[in-house]
Each structure stands twice: as C-alpha cells, then as structure tokens.
Amino acid sequence: MTTPPGRSGSGLPGRPPVTDLATWEAAREALLVREKAHTHEGDAIAAARRRLPMVELDGAVEVTGAGGPVPFLDLFQGRDELVVYQHMWYDGAPHQGQCEGCTTTAWHVKDAAYLNARGVSFAVLTTGAWEEVAPYTEFMGYTQPWYSVRGVAAPIGGVMGHIACFLRDGDRVFLTYSTTGRGNERVNGALGLLDMTPYGRGEAWEESPAGWPVIGDVREGHPARGRQACWYWRSDADGVATWGPASRPVPQWTRPGATPVETLGRNGHHH
C-alpha cells in the first residue's frame with residue numbers, strides 16, 4: 001500500500017491530508033475535469049488571438065545591437081514571425097539593480113530553437129543605452145540577441161515589460177499581439193511547475209489552506225518575508241528570498257563574480 005495502514009486521514013500540520021491511493025485518484029480525476037475545461041478555454045482564447053487585427057509599423061526604424069544599428073526588419077532573421085520581450089532598464093544601476101521581474105522572463109528564453117523550428121525568431125529589446133546593456137548581457141550569459149531601442153517610439157520602443165509578436169510580409173512589418181503583467185508568465189516554466197506543487201508560489205494573492213507555511217526568510221533573527229507578490233524573484237547570497245540591501249535577481253547568483261554588495265543603485269525597491 002502507498003499509505004501505511006491506520007495512517008489514512010492523519011493530520012500533518014501545514015500539509016495536505018493523508019489518504020489511500022484510491023481516494024487520491026478519485027480527487028485527482030475530479031480536478032482533471034476542471035483542468036481540461038481550463039485547457040479548452042485557453043485553446044479558444046488562442047484561436048481568438050489569431051484573429052486579432054494587426055497594425056503596420058516602420059520596419060526600417062533602427063535599433064542597436066552587438067553589431068551596431070540595424071533596421072528592425074533584421075530581427076526577423078529572414079523568418080516570417082518575431083516574438084520580442086521588452087526588458088525594463090534602469091539607467092546607471094549596477095547589474096543587481098536591474099529589473100528582477102524582467103529577469104524572470106528573459107532568463108526563461110535562453111534558447112529559441114523550438115521557436116526557430118516553427119519559423120519564429122526571438123529577441124530582447126530594452127530602452128537601456130547599448131554601452132550599459134552590452135556588459136549586462138555578457139555578465140548574465142544571455143545567448144539570445146538583445147537590442148537597444150532607446151529613442152524608438154512605441155510599440156517597438158516606449159513602455160517596457162511586454163511580450164510582443166510581429167509578422168513580416170516581405171519588407172512590411174506588423175504588430176499582431178502584445179501582453180504584459182501576468183500575461184508574461186507563459187514563458188516562465190518555473191511558475192507552471194510551482195503551481196503544481198502543494199505550496200505553490202508562496203505569494204500573498206494565492207488562496208491556500210489555513211495553516212500552510214509562510215515561505216521566505218525564516219532564519220533566526222529575520223522575520224519571514226514570504227507571502228508577498230514575487231517574493232522569490234530576489235535572494236541573498238545564501239539563496240534566501242529577501243529584498244534586503246545585498247539581494248539580487250536570483251539567476252545572478254549563478255554568474256561568476258556575483259558577490260554581496262551594499263548598494264542596489266537606484267533600483268533597491270520592491271516593485
């Protein structure tokens with residue numbers, strides 16, 4: 001048996017109730033009905049998304065990448081479709097002071113092979129000056145192309161923090177879709193996996209059973225910092241989620257030379 005005899009229904013504080021396999025399978029099947037309905041509604045929304053109108057843009061507008069200024073049209077790399085992530089930028093901030101939310105999105109698209117195989121190119125755009133962006137992307141180890149769109153009007157430039165999709169017809173370029181906020185979560189596989197776990201993301205907005213643990217900084221002498229929106233986007237050198245003065249976007253701790261610091265420049269606040 002999966003559950004030892006006599007243990008079914010025993011209470012473990014802050015954990016799901018313990019039951020036998022047959023009872024678990026029945027509960028899982030009931031939830032699967034809702035999950036399938038959610039999937040079908042998502043398919044219907046995607047179908048509606050494919051029927052949105054589009055807006056023609058100037059594909060000759062120049063953006064700046066590792067090879068210098070290039071027309072936006074070049075970002076398609078000869079393919080018909082292009083997806084971009086528009087990464088926020090804080091002028092003059094050190095690496096650890098750049099946007100932790102944008103880091104979660106850009107970090108999860110480190111290889112566009114599957115997009116490329118379907119005729120779709122990918123790039124990251126940011127309003128940062130290229131002389132600041134270049135060392136940042138080198139430090140982070142990003143393999144996808146980045147471009148500065150400083151001075152470029154929306155929707156290619158302008159407000160950042162969006163995923164945008166473009167279509168090419170010869171030399172003509174069209175904007176077909178854009179999303180932001182939680183719409184960006186589609187590329188973040190970590191969030192999808194966390195949503196499958198019993199404790200979820202540990203964010204304040206989530207509805208969890210009473211008694212579920214507060215996930216976060218629970219070291220001696222430190223109050224728990226979990227249960228706030230996006231609390232896990234930053235951590236200290238020990239991997240503890242915190243928005244303290246020596247924290248940085250989580251993936252940065254994997255980079256060579258990532259050490260605790262005393263300042264976060266002008267971006268030491270919680271979004």
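The values are calculated or read from the model by the stated rules, or taken from the named source; none is laboratory data. Since the model is a prediction, treat every value here as computed from it, not as a measurement. Cβ: placed from backbone, ideal geometry, glycine included. Neighbour counts: every protein chain shown.
What the table shows:
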{"read-out": "Filter result for THR104 (out of contact with any Ser or Thr (no Cβ under 8 Å at 6 or more places or on another chain) and either at pLDDT 95 or above or surrounded by fewer than 19 Cβ atoms within 10 Å (Cβ to Cβ) (or both))", "value": "no"}
{"read-out": "Any hit, segment 112-122, residues being at pLDDT below 95, farther than 19 Å from TRP233 by Cβ and within 17 Å of the chain's Cα centre (by Cα)", "value": "no"}
{"read-out": "Matching residues in segment 104-133 - criterion: being in a helix (DSSP H, G or I) and over 22 Å from GLY151 (Cα atoms)", "value": "THR104, THR105, TRP107, ALA113, TYR114, LEU115, ASN116, ALA117"}
{"read-out": "Residues of segment 68-103 satisfying the condition of being assigned to a helix (DSSP H, G or I) and either aromatic (Phe, Trp, Tyr) or in contact with an Asp or Glu (Cβ under 9 Å, 6 or more places away or on another chain) (or both)", "value": "PHE72, LEU73, PHE76"}
{"read-out": "Of all residues making up segment 159-194, the number that are more than 23 Å from GLN96 (Cα to Cα) and outside any helix (DSSP H, G or I)", "value": "16"}
{"read-out": "Yes/no for LEU125 being touching a strand residue (DSSP E or B) at 6+ places or on another chain (Cβ under 8 Å), surrounded by fewer than 20 Cβ atoms within 10 Å (Cβ to Cβ) and at pLDDT 95 or above", "value": "no"}
{"read-out": "Of residues in segment 147-158 being of a type in the set (Val, Ile, Thr) and either part of a strand (DSSP E or B) or over 20 Å from the mean Cα position of the chain (by Cα) (or both), the one nearest to ALA66 (Cα to Cα)", "value": "VAL149"}
{"read-out": "Set VAL250, VAL218, VAL240: member being modelled with pLDDT under 85 and surrounded by 16 or more Cβ atoms within 10 Å (Cβ to Cβ)", "value": "VAL240"}
{"read-out": "Total residues in segment 134-146, condition in a loop (DSSP other than H, G, I, E, B) and β-branched (Val, Ile, Thr)", "value": "1"}
{"read-out": "Breaking point among (1) surrounded by fewer than 17 Cβ atoms within 10 Å (Cβ to Cβ); (2) closer than 15 Å to VAL83 by Cβ; (3) out of contact with any helix residue (DSSP H, G or I) (no Cβ under 8 Å at 6 or more places or on another chain); (4) at pLDDT 95 or above, for ARG186", "value": "(4)"}
{"read-out": "Single residue of ALA93, ALA117, ALA113, ALA134 found to be closer than 26 Å to ASP58 by Cβ and not polar (S, T, N, Q)", "value": "ALA134"}
{"read-out": "Matching residues, segment 5-59, being at pLDDT below 95 and either over 26 Å from ALA210 (Cβ atoms) or assigned to a helix (DSSP H, G or I) (or both)", "value": "PRO5"}
{"read-out": "Selection count where residues are at pLDDT 95 or above, buried (at least 16 other Cβ atoms within 10 Å of the Cβ) and of a type in the set (A, V, I, L, M, F, W, C), scope segment 66-101", "value": "9"}
{"read-out": "Qualifying positions in segment 42-72 - in contact (Cβ under 8 Å) with a residue 40 or more places away in the chain, charged (D, E, K, R) and over 13 Å from GLY157 (Cβ atoms)", "value": "ARG49, GLU56"}
{"read-out": "Residue in segment 73-90 that is without any contact (Cβ under 8 Å) to a residue 60 or more places away in the chain and farther than 19 Å from ASP171 by Cβ present", "value": "no"}
